[in-house]
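So the structure is just underneath, and the comments pick up after that.
The values are calculated or read from the model by the stated rules, or taken from the named source; none is laboratory data. This structure is a prediction, so every number in the text was calculated from the model and none was measured. Neighbour counts are summed over all protein chains in view; Cβ atoms, including those assigned to glycine, are modelled from backbone coordinates with ideal geometry.
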């Protein structure tokens, strides 16, 4: 499996496990796709957290606390960093 695909699957796993609105049905496909795109565009954890917060707020009209978004952003950036280090 290509490294990018494997990395993206790791991102999806993290974001599905996060489940910020306890939907349990995994109805975050659009938000996950937008968040993965943001991970590739941003390296700053705070800016990524803000982008994640905005993505989910736009879809669900509910604000996720920025601290929760920061934790997820940090986890995603670690995966991204590990992927780039192993190329």
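List of remarks:
- Annotation: residue 86 fulfils all but one of (1) modelled with pLDDT under 95; (2) under 14 Å from the mean Cα position of the chain (by Cα); the unmet one is (2).
- Of all residues in the range 17-37, those satisfying the criterion of being touching a helix residue (DSSP H, G or I) at 6+ places or on another chain (Cβ under 7 Å) and farther than 17 Å from residue 82 by Cα are 18, 20, 21, 26, 28, 30, 31, 32, 34, 35.
- For the range 26-35, a residue qualifies if it is buried (at least 17 other Cβ atoms within 10 Å of the Cβ) and assigned to a helix (DSSP H, G or I), and the qualifying residues are 31, 32, 34, 35.
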